[in-house]
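S.K.: Can you keep this structure in mind? I'll have questions shortly.
The values are calculated or read from the model by the stated rules, or taken from the named source; none is laboratory data. These numbers come from a predicted model, not from an experiment. Cβ placement follows ideal geometry from the backbone for every residue including glycine, while neighbour counts extend to all protein chains displayed. Just so you know, the surface numbers come from the protein's heavy atoms only, side chains and all, with ligands and any DNA or RNA stripped out. Shrake-Rupley method; radii C 1.70, N 1.55, O 1.52, S 1.80 Å.
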Amino acid sequence: MTCVTVPDRAYGYPVKQGKKRVEFEMDIESFSGAATVAATCTIVFVLVAKSWQLIARRMSPNPPFSDTIAREAAQRFRDEFERLGNKQSVYLGACLVFVLLFVAAHELQAERLYARFPAWQLNILTAALVAGAVLAVVKIGLTIASLHHVKLLRDANLAIGHQLQRTSSEFGRVYHDVETNAGMVDHVIVGKTGVYAISVAARRPVRDGQVTLDKNELCFDPPGHSESIVAIGKCVAALEREFRRLLDHRVRVRSVIAVPGWEVAEQSCGEHLLVNERNLQMLQGWKDQSDYLINEDVEALQALLAQLTGA
């Protein structure tokens, strides 16, 4: 095929009018036009969906008995899981909207939007659209990963919380998601035999997986990773300080670390009790008469925790 050089009115500079060149230009115009229409409508869809979710949250009335409804086990993770689930639904819906609109715009010859644009501008626009698509995919991937992680935290706290509800009735009252100035304590039990702070270490279970407590680290085998429990110790210490300010004397808070789904091999630290969801009742035997509380102290601590957790 013989190619000739002629002035190109669409791009303002000479171009070889060959079959491959024309097809390439038309492909860029077609892709850019369809992607622009689809991206614009998708952005509008996301803005409308997020705005509606925000308005729905603001307009939703408070429960009629909110003053007497206590926090349930894993309440904060349930709320976070619901928020991420709504976010994931919006993003996946936006992907579907983009694909449908892209196909429709391509069939309706949306390339006419950029019929007289120079090639370098089309290239920049295409690069921007591709970069936006990559960022959107990364955002969706991070949201899905966060959703799976929060689901693990939620299920682990539910498993421990439900077991505590069965065992705590014999020696105390259980509270969930107790906030301190050092962080959140997952579960707290207050009774005449003392105070227990139960912290949940959520790690996806593996076959024949064992966990050991070595000083200030939880060691998981396999895969051989370790996790620091320094933050747990700070939360327990903060809870003790809060109780001391209330009662004007020291109250020992026994630290229990629950690792659901893992077999407890051994522990070399006497400051923490390491358990799983099946042997959680071991904390009933982990007590000392020096830690016992009188009825007035128990009532005062329970009133404080009820105020912190909305019970």
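S.K.: Within region 12-69, count every residue that is open to solvent by less than 100 Å² (accessible area, probe 1.4 Å), β-branched (Val, Ile, Thr) and modelled with pLDDT of 80 or more.
M.R.: Count: 8.
S.K.: Cβ contacts < 7 Å: first residue modelled with pLDDT of 80 or more, restricted to region 113-126; second residue part of a helix (DSSP H, G or I), any location; separation 6+ or different chain. Result?
M.R.: Leu125/Ser32; Thr126/Ile28; Thr126/Phe31; Thr126/Ser32
S.K.: Kindly list the number of the only condition in (1) open to solvent by 10 Å² or more (accessible area, probe 1.4 Å); (2) outside any helix (DSSP H, G or I); (3) among the hydroxyl-bearing types (Ser, Thr, Tyr) that fails for Thr167.
M.R.: Unmet for Thr167, out of (1) open to solvent by 10 Å² or more (accessible area, probe 1.4 Å); (2) outside any helix (DSSP H, G or I); (3) among the hydroxyl-bearing types (Ser, Thr, Tyr): (2).
S.K.: While we're here: Taking only pairs six or more apart or across chains, which ones have beta-carbon atoms under 6 Å, a first residue in region 277-296 that is within 23 Å of Val211 (Cα to Cα), and a second residue that is open to solvent by 100 Å² or more (accessible area, probe 1.4 Å) and among the aromatic types (Phe, Trp, Tyr)?
M.R.: Filtered contacts from region 277-296: no entries.
S.K.: Does Leu142 qualify as being of a type outside the set (Asp, Glu) and surrounded by fewer than 14 Cβ atoms within 10 Å (Cβ to Cβ)?
M.R.: yes
S.K.: Continuing with this model, one more query. Let me spell it out: the conditions are (1) at pLDDT 95 or above; (2) closer than 19 Å to Leu92 by Cα, and Arg154 meets all of them except one. Which number is the exception?
M.R.: Arg154 satisfies all of (1) at pLDDT 95 or above; (2) closer than 19 Å to Leu92 by Cα except (2).
S.K.: Just need a number here: residues in region 107-116 that are open to solvent by 80 Å² or more (accessible area, probe 1.4 Å) and either within 10 Å of Glu29 (Cα to Cα) or assigned to a loop (DSSP other than H, G, I, E, B) (or both).
M.R.: 5
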